[in-house]
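Quick notes on the structure that follows.
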Amino acid sequence: MKVLVLGNGGREHALAWKLAQAERVSQVFVAPGNGGTARDARLKNVPITDVKALADFAEEQKIALTVVGPEAFLAAGVVDEFRARGLRIFGPTKAAAQLESSKAFAKDFMKRHGIPTAAYETFSDAAAAHAYVDAQGAPIVIKADGLAAGKGVVVAMTLAEAHEAIDWILADNKLGVVHNEGGARVVIEQFLHGEEASFIVLCDGKNVVSLATSQDHKRLLDGDEGPNTGGMGAYSPAPVVTPNVHAKAMHEIIMPTIQGMARDGIPFTGFLYAGLMIDEHGQPRTVEFNTRMGDPETQPIMMRLKSDLLDLLLHATDGTLDQVELQWDRRVALGVVVAAHGYPLTPRKGDAISGLPADAENVMVFHAGTAEVDGKLQSSGGRVLCVTALGESVRTAQQAAYEALVQIQFDGKQYRQDIGHRAVKR
């Protein structure tokens, strides 16, 4: 079978790497791919990003399955286009992807269906938003109602930060938000205390299979300081998601979401990612929904997945996820993101990369913002690499990842040195 993975990040490299291991897969195409997928003999980059051109390619190549990586393709309606042509694709429709592409849609949906989340208000008028923040006080969370590559959320610890974030989103769009129809809007919500975890499931419209739990590190700097990013590292499993928390998340958040979408006439198929905030009583609340796999959570999750990913995704597109039981490596997987100089606001591109360790059973370097130029590897985006390792404990996985990371060289590289610190404390 030929398989197509859409996207060019670390998530897509990890998905393509895992799919290439399936016995029934003869070729994995990645559109457009990156420098890492270009270097893997089992993968082939395809320089196409237009939705209709991708569907044409899938028809010409007789692609058996297409897997959507990033949110931008979903918001552009790639699933609708492929399905209209009778092509097998895993992901939500453009309407269902609003759970991620519109924070306002998601919050209104959760309120309507009684799904636990933070109190909120939505604004398009900057003056009204500023007045609301003054009335509520800080800390408070400011979210862009649109796609912003994981950078559209500001957790404001002071009123000054909150006001600045409102201006960034509504006035000068410093966060690079792709605004939804009707113009710029901002969702302002209550700050939730607790520990955050990533809860990702596969949905076929009715049935749900949960993936291994994971935890992301959103802030740029050690100790969870600095600005929010697309994610600076992740590990799996997440100890904060106890069996009790897992059961609550499925019963109170995931299943009501799938059932609610079906009742609203927008059945959800694809990866559903619930960002959870878990309080000291073990009560999860929904911070946000993503309608695709997380990045960098995908990298450690794929390292731990022992089951055949192709078989899993074929069941998901056949509506038979109730027949699936996943097998996981019992070890911990931990990934550390290596970012470019100036990330997240002004990442520098074009720095030569050297010292990459060879792929190994317990250590993989997944590429994100890399490109091959004249046969040489260089940085091409904000998050450049994700060095991911397996270990018997968080500490051993941590040690293996950082030992591999220090070999890698490029000017201005930056990374956190404390990925996994919460699990170590536990």
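So in segment 150-170, with the set limited to residues that are in a loop (DSSP other than H, G, I, E, B) and not β-branched (Val, Ile, Thr), which one is least open to solvent (accessible area, probe 1.4 Å)? Break it down into steps so the answer makes sense when it comes.
We begin by selecting, within segment 150-170, every residue in a loop (DSSP other than H, G, I, E, B); these are 150-152, 157-158.
Filter again for not β-branched (Val, Ile, Thr), leaving 150-152, 157.
Numbers: Gly150: 35, Lys151: 49, Gly152: 9, Met157: 98 Å².
Step by step, filter segment 150-170, then rank; the result is Gly152.
Hey, could you check segment 191-235 for residues that are in contact with a strand residue (DSSP E or B) (Cβ under 7 Å, 6 or more places away or on another chain) and among the polar types (S, T, N, Q) and say which is farthest from Val338 (Cα to Cα)? Full working, then the answer.
Of the residues in segment 191-235, the ones in contact with a strand residue (DSSP E or B) (Cβ under 7 Å, 6 or more places away or on another chain) are 191-192, 194-205, 208-220, 225-235.
After this cut, where a residue has to be among the polar types (S, T, N, Q) as well, the list is 198, 210, 213-215, 228-229.
Details: Ser198: 20, Ser210: 28, Thr213: 22, Ser214: 19, Gln215: 17, Asn228: 15, Thr229: 12 Å.
The residue in question is Ser210.
Within segment 207-223, track down each residue that is among the charged types (D, E, K, R) and at pLDDT 95 or above. Let's see the steps before the verdict.
First pass over segment 207-223, keeping only residues among the charged types (D, E, K, R): 216, 218-219, 222.
Passing the criteria: Asp216, Asp222.
Go through (1) at positive phi; (2) open to solvent by 10 Å² or more (accessible area, probe 1.4 Å) and name the single condition Gly270 misses.
Here Gly270 clears every test but (2).
Look at Ala135 and say whether it is open to solvent by 10 Å² or more (accessible area, probe 1.4 Å), among the hydrophobic types (A, V, I, L, M, F, W, C) and closer than 30 Å to Val3 by Cβ. Step through it out loud before you land on a result.
Numbers: open to solvent by 10 Å² or more (accessible area, probe 1.4 Å): yes; among the hydrophobic types (A, V, I, L, M, F, W, C): yes; closer than 30 Å to Val3 by Cβ: no.
So Ala135 fails the test.
Could you check segment 220-302 for strands (runs of 3 or more DSSP E) lying wholly inside it with 2 or more residues that are among the aliphatic types (A, V, I, L, M)? It would help to see each step written out before you state the result.
Working: elements: 225-228, 233-236, 269-278, 284-290.
Because the criterion is at least 2 residues that are among the aliphatic types (A, V, I, L, M), the strands (runs of 3 or more DSSP E) in segment 220-302 that meet it are 269-278.
Under the condition of being in a helix (DSSP H, G or I) and among the acidic types (Asp, Glu), which residue from segment 43-88 is surrounded by the fewest Cβ atoms within 10 Å (Cβ to Cβ)? Let's see the steps before the verdict.
At the first step, the residues of segment 43-88 found to be in a helix (DSSP H, G or I) are 51-60, 71-75, 78-84.
Remaining after also requiring among the acidic types (Asp, Glu): 56, 59-60, 71, 80-81.
Values: Asp56: 13, Glu59: 13, Glu60: 8, Glu71: 22, Asp80: 18, Glu81: 18.
So the residue we want is Glu60.
With the structure loaded, tell me whether Ala333 is in a loop (DSSP other than H, G, I, E, B) and either in contact with a His (Cβ under 6 Å, 6 or more places away or on another chain) or among the hydrophobic types (A, V, I, L, M, F, W, C) (or both) or whether it fails that test.
Working: in a loop (DSSP other than H, G, I, E, B): no; either in contact with a His (Cβ under 6 Å, 6 or more places away or on another chain) or among the hydrophobic types (A, V, I, L, M, F, W, C) (or both): yes.
Here the answer is no, as Ala333 does not meet what is asked.
So the check is Cβ under 7 Å with 6+ separation or different chains; which pairs have a first residue in segment 411-426 that's over 15 Å from Val337 (Cβ atoms) and a second one that's in a loop (DSSP other than H, G, I, E, B) and open to solvent by 50 Å² or more (accessible area, probe 1.4 Å)?
Asp411/His341; Ala423/Pro239; Arg426/Pro239
Among the residues of segment 310-353, what is the count of those that are open to solvent by 60 Å² or more (accessible area, probe 1.4 Å), at pLDDT 95 or above and in contact with a strand residue (DSSP E or B) (Cβ under 9 Å, 6 or more places away or on another chain)?
Final tally of qualifying residues: 9.
Among the listed residues Leu221, Leu147, which satisfies the condition of being touching a residue at least 24 places away in the same chain (Cβ under 8 Å), under 20 Å from the mean Cα position of the chain (by Cα), under 29 Å from Asp279 (Cβ atoms) and open to solvent by 50 Å² or more (accessible area, probe 1.4 Å)? Reasoning before the result, please.
Values: Leu147 fails: open to solvent by 50 Å² or more (accessible area, probe 1.4 Å).
That would be Leu221, the only listed residue that is touching a residue at least 24 places away in the same chain (Cβ under 8 Å), under 20 Å from the mean Cα position of the chain (by Cα), under 29 Å from Asp279 (Cβ atoms) and open to solvent by 50 Å² or more (accessible area, probe 1.4 Å).
The values are calculated or read from the model by the stated rules, or taken from the named source; none is laboratory data. Please read these numbers as outputs of a predicted model, since none were measured by experiment. Positions of Cβ are generated from backbone atoms using ideal geometry, with glycine treated the same way; all protein chains shown enter the neighbour counts. Keep in mind that these areas ignore ligands, DNA and RNA; they rest on the heavy atoms of the full protein, side chains included. Shrake-Rupley method; radii C 1.70, N 1.55, O 1.52, S 1.80 Å.
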